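Any read-out appearing in this document is the output of simple, stated calculations on the displayed coordinates, not a laboratory observation. Just so it is clear, the model here is predicted, and its values are computed rather than measured. Counting neighbours? That spans all protein chains shown, and the Cβs are built from the backbone with ideal geometry, glycine included.
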Amino acid sequence: MKSCERLVAPQSEYYIYSPSRLAMETFLYPMQCGQFSYLPGYLLSRDSFDSFLLLYIQKGSLEASFDGKSVTAVRGQFVLLDCYRPHGYRTGEGFDCLWCHFDGVMARPYYNAVRARLGNVFSLPDPHSVADKLLAIFRVFQTGSIVREPLLAKYLTDLLTACLLVQTLPENSGRQAGMAEETVTYINENFAKDISVEQLAHRAGLSLYHFIRTFKKETGFTPHEYLVNTRIATARYLLKNTTLSVKDICFQTGFSCESVFCSAFKRRQGLTPAQYRASE
C-alpha cells in the first residue's frame, strides 16, 4: 500500500500483517513493514504502539527519542525501539529507511539482549546481513508471495541473531563479551578439573570483582553458578544414561567429594542423585 502520511513521500510503501494464533504463540512475526522516504520536518511521537521496531537508515539521518534521551542515527545505522514505551523520531534533512514492527513470544528477550549488547542505535560491520533480511520480509508482501510464517520468523530470528553475534560493542565492551564467551568455552571443556573462580579471572586478565560482575552481566550467572550448573547438567546425563556409581559421577564431573555433590545436586534438582536416577 502507498503511504498517505504527512511528510512521507507518496512513493513510500507499507504492508500490515495479522499473524495466526500459531505464530503469536510460537514465532517472531512482523506486524507492519515498509520502505519509506521521510521528508524534512517529519516528526513522530507516541506513548505506545504495541510492538518492537527495527529501522535501517538507507539515506539521511533521524533523531530517535526513547527512555528520556535522544540519539542521532545516520546512513548505514540501525535503530531498535521498544514501542510499548514512549518513543519517537524526527528528521531535519529527511531520511530513507527499511522498517519492520515485530512481536512474538521471544521478541522482548531478543530486544533486551540486542539493546544490552549494541544499544538502541548501532552500526554493524556487515549491515547487509541484517538489512537484506529486512528487505526479504518487505519483498514477501510487496510481491504478493505466499506468506509462510515460519519463514518470516526465520528472517526475524536470523537478523536479530546476527546482531547478537557482533563482537564490536559500544564503550569498548566487545572484549568483555568475548571474555565471557571464551570463559564459557573453557568451563565446558574443563569443568571436570579443579577450577576456581580466581583462576578464571586470571585467565581473563581481570580483577576478581570485575570478572564476576562482567561475566554475570553477559550470561546471567556468576562464574561459580555457571560452573556448578555445567557439572550438574553433566551429572544428570550420566545418571540417566550410564551405570556409573554416584561416587564415580561425582568425581567425573569435578566435585571435590560425594557429600558436596549430593548437596549441590539436591539444591538444584530437588532430588538426591539416587532419587533422580530412579525417577521416570
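So the values come out like this:
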read-out	value
For the chain, fraction of C-alpha pairs farther apart than 23 Å, in %	63
Scattering curve values for region 1-81, log₁₀ I(q)/I(0), Debye with Cα scatterers, q = 0.23 Å⁻¹	-1.32
Most mobile of THR143, THR230, THR214 in a GNM of the chain (Cα contacts under 10 Å)	THR143
Linear extension gain, ARG139 paired with ARG75, 0.36 nm per residue minus alpha-carbon span	20.9 nm
Cα-based Rg of region 1-159 normalised by 2.2 N^0.38 Å, two decimals	0.98
Leading residue at positive end of dipole, the chain (Cβ point charges), from HIS224, ASN120, LEU151	HIS224
Between helix 107-118 and the chain: long-axis angle, C-alpha atoms, 0 to 90°, nearest 10	90
Residue with peak Gaussian network fluctuation, the chain [Cα springs, cutoff 10 Å], from LEU164, LEU39, LEU239	LEU239
Distance violations [Cα-Cα > 19 Å] among LYS216/LYS266; LYS193/LYS240; LYS240/LYS266	LYS216/LYS266; LYS193/LYS240
Cubic angstrom per residue, convex hull over Cα atoms of region 179-247	84
Within a Gaussian network of the chain (alpha carbon springs, distance under 10 Å), most fluctuating of LYS133, LYS266, LYS217	LYS266
Virtual spin-label span in nm between ARG108 and VAL260, 7 Å along Cα→Cβ	3.9
Spin-label zone in region 18-44 - amide nitrogen under 12 Å from a point set 7 Å from the Cα of ARG90 along the C-beta vector	41-44
Region 153-280, Rg to Rh (Cα coordinates; Rh as Kirkwood inverse mean 1/r)	1.06
